[in-house]
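Novice: Dropping a structure here in structure tokens format, bear with me for questions.
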Ligand SMILES: Nc1ncnc2c1ncn2[C@@H]1O[C@H](COP(=O)(O)OP(=O)(O)O)[C@@H](O)[C@H]1O
Ligand SMILES: [Mg+2]
């Protein structure tokens with residue numbers, strides 16, 4: 001256990017080498033005047049402006065608004081994706097019925113939805129949450145149905161021999177065996193949701209972290225802009241890490257063999 | 001073979017044929033198989049690989065339907081799988097996301113209260129000698145232990161008939177012998193009818209009352225041999241070796257090589 005945690009500390013430390021080296025190089029190039037500081041503010045300037053926004057509560061405000069949108073959209077999109085994905089995975093008829101419409105709608109880029117959604121739902125929350133829901137929906141749908149279609153026939157037979165009801169089969173055999181796929185879908189979904197919220201806010205919004213970037217551009221405040229961009233990156237990373245954690249916990253049985261002692 | 005507790009555990013296979021319809025044409029796999037297995041009898045089926053042994057067991061279990069003929073268990077026609085007929089496969093088919101205890105509990109069919117359920121699980125964990133491993137996951141177990149879990153899961157409903165499809169085929173020789181002894185112990189405790197498919201001739205002789213020798217595909221019953229040796233059986237005794245020789249003779253009847261080559 002001790003050796004394991006030591007190893008993971010080491011892994012994290014190694015992961016930090018590249019970003020830190022990158023920032024240091026950036027700082028040096030900026031201070032030497034090699035990088036134009038009006039379009040490439042140095043990391044230290046960005047950090048100062050970030051702390052300034054944090055101390056005035058501005059960053060938190062926008063971040064919280066964006067996160068709230070993500071949570072709403074993600075919940076709606078992933079529940080729909082799970083339910084419809086399960087139906088498609090279970091029923092060949094539903095699959096045949098849906099595959100053409102899915103094939104048609106799925107390639108539509110998220111950005112193309114924005115004007116349509118604004119036209120239908122107006123410029124406020126509903127259109128943004130819907131966009132995020134759509135962005136979450138696809139990866140969850142595709143992976144859930146794939147996971148369910150892939151469930152092991154041999155394990156299904158065990159359930160059949162033991163005279164399990166359809167509901168028991170679904171809850172105890174089919175869904176658990178699809179869990180690894182479902183989690184992949186959820187993780188892709190979170191990533192997509194986060195991208196969608198920033199996109200939606202950058203195009204039409206009066207708040208949120210995406211709005212902050214566009215606002216800073218209009219006011220020519222590159223440090224603010226970069227603060228927002230970096231916050232987006234870090235929050236995206238944290239969201240993925242959280243889901244990875246949950247996945248590891250739920251899918252303990254799926255881990256490669258560990259040393260036991 | 002007496003009928004225990006009045007429950008009829010006999011298996012009656014009447015004119016069972018099976019033809020798989022493939023895109024390339026029909027594939028006859030079983031050809032008019034007739035066999036009566038008495039309550040509590042231990043039967044082994046031996047035959048070369050691909051001759052239809054698994055298909056035969058799957059038809060008895062109700063997982064597969066026969067193209068012609070019927071199977072009766074305890075006088076009732078089999079038309080679908082039932083908890084009264086347990087099946088143990090070569091791959092233990094455990095649920096990787098469930099612990100040993102949960103995998104065994106998955107077998108429970110009848111409604112029992114929490115207390116009874118606990119007792120039932122505990123009893124079956126003990127029966128297959130896995131006490132102490134209740135909370136382990138399948139990936140943490142050896143092949144032999146996994147097979148024990150699948151046996152416990154199949155036994156928990158007290159099936160009258162237990163079908164075993166090369167259950168120890170993937171185990172090493174020593175573990176296999178150990179598991180054979182376990183199966184004998186369980187058989188004498190549970191008094192269920194056993195149908196074992198195996199490619200291990202010694203395993204068949206060591207365990208069964210009768211041995212069914214199947215032909216190559218399409219499989220039909222070539223011969224049925226009685227094993228009149230008292231248990232526990234000595235694998236190196238003369239009667240044991242005589243039966244072994246008889247079975248090999250059936251296998252290599254058409255072979256150009258002499259029997260002595262194999263023995
Ligand atoms: N569901 C199926 N569909 C088509 N062919 C099958 C099916 N199951 C088994 N077979 C074929 O039937 C033959 C006998 O298979 P099987 O009963 O598994 O043999 P054994 O267990 O004796 O090795 C094989 O040629 C196999 O390919
Ligand atoms: Mg087989």
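The values are calculated or read from the model by the stated rules, or taken from the named source; none is laboratory data. Note that this is a predicted model, so its numbers are computed, not measured. Virtual Cβ from ideal backbone geometry, glycine too; neighbours counted across all protein chains shown.
Novice: For residue B:73, only one of the following conditions fails: (1) within 16 Å of ligand 2 (Cβ to nearest atom); (2) at pLDDT 95 or above; (3) buried (at least 23 other Cβ atoms within 10 Å of the Cβ). What is its number?
Specialist: Condition (1) is where residue B:73 drops out.
Novice: Would you tally the residues in the range B:132-141 being in a loop (DSSP other than H, G, I, E, B) and touching a residue at least 24 places away in the same chain (Cβ under 8 Å)?
Specialist: So the answer is 6.
Novice: Still on this structure: Restricting the range B:167-176 to residues that are within 16 Å of ligand 1 (Cβ to nearest atom) and surrounded by fewer than 21 Cβ atoms within 10 Å (Cβ to Cβ), which is farthest from residue B:187 (Cα to Cα)?
Specialist: Only one residue fits best here, namely B:170.
Novice: Filter the range B:43-67 down to residues that are in contact with a helix residue (DSSP H, G or I) (Cβ under 6 Å, 6 or more places away or on another chain) and either without any contact (Cβ under 8 Å) to a residue 24 or more places away in the chain or away from ligand 1 (no atom under 12 Å from the Cβ) (or both), then give me how many there are.
Specialist: 2
Novice: Hey, could you check the range B:18-49 for residues that are in a loop (DSSP other than H, G, I, E, B) and more than 16 Å from ligand 2 (Cβ to nearest atom) and say which is surrounded by the fewest Cβ atoms within 10 Å (Cβ to Cβ)?
Specialist: Among residues in the range B:18-49 that are in a loop (DSSP other than H, G, I, E, B) and more than 16 Å from ligand 2 (Cβ to nearest atom), the one surrounded by the fewest Cβ atoms within 10 Å (Cβ to Cβ) is B:23.
Novice: Scan the range B:221-243 and give yes if some residue there is under 17 Å from the mean Cα position of the chain (by Cα), touching a residue at least 24 places away in the same chain (Cβ under 8 Å) and within 16 Å of ligand 2 (Cβ to nearest atom), otherwise no.
Specialist: Scanning the range B:221-243 turns up no residue that is under 17 Å from the mean Cα position of the chain (by Cα), touching a residue at least 24 places away in the same chain (Cβ under 8 Å) and within 16 Å of ligand 2 (Cβ to nearest atom).
Novice: Please indicate, with yes or no, whether at least one residue in the range B:96-105 is in contact (Cβ under 8 Å) with a residue 60 or more places away in the chain, within 9 Å of chain A (Cβ to nearest Cβ) and either closer than 21 Å to residue A:168 by Cβ or assigned to a helix (DSSP H, G or I) (or both).
Specialist: Within the range B:96-105, none of the residues are in contact (Cβ under 8 Å) with a residue 60 or more places away in the chain, within 9 Å of chain A (Cβ to nearest Cβ) and either closer than 21 Å to residue A:168 by Cβ or assigned to a helix (DSSP H, G or I) (or both).
Novice: Now a separate question. For residues that are at pLDDT 90 or above and more than 14 Å from chain A (Cβ to nearest Cβ), scanning just the range B:127-142, find the one that is farthest from residue A:158 (Cα to Cα).
Specialist: B:131
Novice: Report those helices (runs of 4 or more DSSP H) wholly inside the range A:157-261 carrying at least 2 residues which are surrounded by 15 or more Cβ atoms within 10 Å (Cβ to Cβ) and within 12 Å of another protein chain (Cβ to nearest Cβ).
Specialist: By residue number, A:175-203.
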